[in-house]
Amino acid sequence: MKKRVTLQDIADKLNISKVSVSKAINNQPGISEDLRKKILSLAYESGYIKTNANHHIRSNNFAFIVQQKFFIRNENFYTVIYYHLNELCTADGKNLLLFVVNPDDTENGVFTQLNKNTVDGFFIGGEINESYLHMLNNMGIPMVFIDFFNPHVNKDCVLIDNFNISFYVTSYLFYKGHRKIGFVGNQFSTANVLDRFYGYRKALNTYNLEYREEWLLNNYNQETGLHTLDIELPKEMPTAFVCHCDMSAYFFIQKLNSLNIRVPEDVSIISFDNTMLAQSCTPPLTSVDINKKEFASMAYDLLNNRIRHPQNEVRRTYLNTKIYERESVKSII
């Protein structure tokens, strides 16, 4: 039977005191951050397990934390990422705990639960309350941001290059002959939507196309996370719209249908995410494919690498994307 690794074993290997090892393991002050990282890295690699009920190394538990409006009330983007992360954890003999939070409990109930459920690392799916991020960061547990980054909490993250992808998407419509192009989405809802909006604006400027405020439509409620049919269309419609996600495109098409405006015969639509909704929508959506399985795999590798090598530089990794052409865009050349 393999001998259990102790605090003294770790101290002996690093030629330091047992007290210093204890301070690192229990996230206590009194040692340098460099030494703390070395101790935690060796503890993980050695398979050290602390039996104290408050915290332990190598618990084989990860946690996935996501806002309710992104996970339950919206399309299945983060749900699919969670599914693939859970598969990876299961294959490695790990458990993936799920915490779906909303603005009312991000600073109390869930945080208490996370203290009770010992975890080796966090996956954060989508943007979340910054004060909550700081509380998680203060726990000293590795975490990876999925689909966002935060300049004030500098952590490993997996991202989409939303700005350049949106430029490419708008260019796609331009080369299909469209010269009047609108945008559907609340550009202030998340950094991702804002980047997509600016990518769209860059394309308009590049091709000397007109930008009109009335062609910027919003069918998303930021507070509830729900999309709506209650939007007013401009008197003069563009020939095409860039929608910030598949769900937005789906609701927008329903609105157009209610006014006997046909897609793509009268208006072309292109969107992002390539969820199941893009395939089941009528007509099927031309959409930017974001490979959720690859998203999960990259995040999983980042977190495991961070646990093994806490001293490494923070990494920002970008996922490749491509357009899946279906039936919602018409060439008018």
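Each of M298, M237, M276 has some number of other Cβ atoms within 10 Å of its Cβ, and from fewest to most they run M276, M237, M298.
Comparing V19, V158, V100 in a Gaussian network model of the chain, where Cα atoms under 10 Å apart are tied by springs, the biggest mean-square fluctuation is seen for V19. Quick one: helix 292-308 against the long Cα principal axis of the chain, what's the angle to the nearest 10°, folded into 0 to 90? Its long axis makes an angle of about 20 degrees.
Taking label points 7 Å from Cα along the Cα-to-Cβ direction, Y318 and T6 give a separation of 5.2 nm. Taking amide H as placed 1.01 Å from N in the peptide plane, the amide H of V288 sits under 5 Å from that of S271, F272, D273, N274, Y324, each at least 5 places away or on another chain. Close amide H contacts of G182 (hydrogens built in the peptide plane, cut-off under 5 Å, sequence separation of 5 or more or a different chain): A240, F241, V242. Phi-derived couplings, Karplus 6.51 cos²θ - 1.76 cosθ + 1.60 at θ = phi - 60°, listed residue by residue for the range 17-26: 7, 5, 4, 4, 4, 4, 5, 5, 5, 9 Hz, with x used for Gly and Pro. Look at the alpha carbon pairs under 8 Å that are at least 6 residues apart: their mean separation over the length of the range 268-333 gives a relative contact order of 46 percent.
Taking all Cα pairs closer than 8 Å and separated by 6 or more residues, the relative contact order of the range 162-290 comes to 23 percent. For D161, the amide hydrogen comes within under 5 Å of the amide hydrogens of L319, counting only partners 5 or more places away or on other chains and with H modelled in the peptide plane.
Using the Cα gyration tensor of the range 162-290, with a ≥ b ≥ c the square roots of its eigenvalues, what is the shape: rounded (a/c below 1.5), prolate (a/b larger than b/c) or oblate (neither)? Don't jump to the answer; show the numbers that get you there.
Values: a/c = 1.26, a/b = 1.12, b/c = 1.12.
Note, shape of the range 162-290 comes out rounded.
Give me the base-10 log of I(q)/I(0) for the chain at each q in 0.06, 0.07, 0.11, 0.13 Å⁻¹, Debye formula, one uniform scatterer per Cα, rounded to two decimals. Each listed q corresponds, in turn, to -0.27, -0.36, -0.75, -0.94. In order along the range 200-210, phi translates into HN-Hα couplings of 4, 5, 4, 5, 4, 5, 4, 9, 6, 9, 6 Hz, rounded to whole numbers, per the Karplus curve 6.51 cos²θ - 1.76 cosθ + 1.60 with θ = phi - 60° and x for Gly and Pro. As a length-normalised measure over Cα pairs under 8 Å and 6 or more apart, the relative contact order of the chain settles at 18 percent.
Exposure proxy ranking for T90, T239, based on other Cβ atoms within 10 angstrom of each Cβ and starting from the fewest, stands as T90, T239. Ranked for footprinting exposure by Cβ neighbours inside 10 Å, fewest first, D147, D161 give D161, D147. Once the Cβ-Cβ distance of D301 and E236 is raised to the sixth power relative to R0 = 51 Å, the FRET efficiency obtained is 0.55. Between the range 11-43 and the range 130-176, what is the C-alpha centre distance in whole Å? Centre-to-centre distance over Cα atoms comes out at 32 Å.
None of the figures in this text is laboratory data; all of them are computed from the coordinates on show. Note that the structure is a prediction, hence the values are computed from the model and not measured. Neighbour counts run over all protein chains shown; Cβ positions are idealised from the backbone, glycine included.
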